[in-house]
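S.K.: Right, I'll just put the structure down here and ask away after.
The values are calculated or read from the model by the stated rules, or taken from the named source; none is laboratory data. Keep in mind the model is a prediction, meaning the values are calculated, not measured. Here the Cβ positions follow ideal geometry from the backbone for every residue, glycine too, while neighbour counts run over all protein chains shown. The area values use the complete protein model at the heavy-atom level, side chains included, leaving out ligands, DNA and RNA. Shrake-Rupley method; radii C 1.70, N 1.55, O 1.52, S 1.80 Å.
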Amino acid sequence: METILTKANFKDVMSCGKPVVVDFWAAWCGPCRMLAPTVEEIAGEYDGRVVVCKCNVDDQDEIAASFGIRNIPTLLFFKDGSLVDRSVGLVPKEELVSRIEKLL
């Protein structure tokens, strides 16, 4: 299950002790809507091992700005609270899974 990332829960999510994947998206973004089912699948497959978050750039612009998000969809990959990888654009599930496996 995906977690909605906000300023209020950001620190708690990043300090959860698990790898974190954040999907930066917007409702008006076609590629974001195309990637959403893949992110949802990954969240289910890695439930309990990886925290998968959605961050709406329109609602959480401060978080997006703090990571220099200029294009969406962008997925950020965190390990031990530190940013370790980034994926921009619509990418195949296999590539995202490969990046996540490196976090485990």
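S.K.: So which residue, out of ASP12, ASP23, ASP47, gets the largest mean-square fluctuation from a GNM of the chain using Cα contacts under 10 Å as springs?
M.R.: Judging by the Gaussian network model, the answer is ASP12.
S.K.: Moving on to the next point. For the chain, modelled as a GNM with alpha-carbon contacts under 10 angstrom, which of VAL84, VAL39, VAL51 fluctuates the most?
M.R.: Highest fluctuation among the options: VAL84.
S.K.: Could you check how much of the accessible area of the chain is carbon and sulfur, as a whole percent, using a 1.4 Å probe? Write down the numbers at each step before the final one.
M.R.: Details: 2930 of 5620 Å².
The C+S portion of the solvent-accessible surface of the chain is 52 percent.
S.K.: Within 10 Å, count the other beta carbons around each residue, average over each peptide in 69-80, 91-102, 25-36, and list them highest first. The partial results should precede the final answer.
M.R.: Working: 69-80: 18.2, 91-102: 13.7, 25-36: 15.2.
In decreasing order of mean packing, 69-80, 91-102, 25-36 become 69-80, 25-36, 91-102.
S.K.: Which whole-number value in Å² is the accessible area per residue of the chain, probe 1.4 Å?
M.R.: On the way: 5620 Å² over 104 residues.
Each residue of the chain exposes 54 Å² on average to a 1.4 Å probe.
S.K.: Would the stretch 1-71 count as rounded, prolate or oblate if I go by the C-alpha gyration tensor, calling it rounded below 1.5 in a/c and otherwise prolate when a/b exceeds b/c, oblate otherwise?
M.R.: Details: a/c = 2.24, a/b = 1.12, b/c = 2.01.
Because a/c hits 1.5 or more and a/b fails to exceed b/c, the stretch 1-71 counts as oblate.
S.K.: Next question. Only Lys, Arg, Asp and Glu count, each charged at its Cβ (+1, +1, -1, -1), so figure out the dipole size of the chain about its Cα centre, rounded to 20 debye.
M.R.: Numbers: 12 positive and 16 negative charges, 49 e Å.
With only Lys, Arg, Asp and Glu charged at Cβ, the dipole is about 240 debye.
S.K.: State the number of lysine pairs found in the chain whose Cα atoms come within less than 22 Å, restricting to pairs 8 or more positions apart or on distinct chains.
M.R.: 15
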